[in-house]
Amino acid sequence: MNANRIIDMIVRQVMRRLVNKGVNKGIDLASPKGSGPGTSNGPGKASAPRHAQNLRQAQRLTRQMRRFMKF
């Protein structure tokens, strides 16, 4: 195994972890915290459009990263 393949393998693993952290962070920001049955922040509240906007932004960012990384 030559040095170039080893470096590529390490870079790929690091980039995969960074992308996964970014996607998870975007999903955490877009998902409504504490919503569900029995809570006052359920679907249809005033914060729902903001969460939808965050989700769309995370999807766009993920698509851009995937194009850049050429997976």
Problem set entry | By average C-beta atoms within 10 angstrom, highest first, the peptides 4-16, 57-69 | 57-69, 4-16
Seminar exercise, completed: Contour minus Cα-Cα span, Lys21 to Arg67, at 0.36 nm per residue, comes to 14.8 nm
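Quick note: the coordinates plus some simple rules give every number you see, no bench work behind them. Computed from a predicted structure; not experimentally measured. Backbone-built Cβ (ideal geometry, glycine too); neighbour counts: all protein chains shown.
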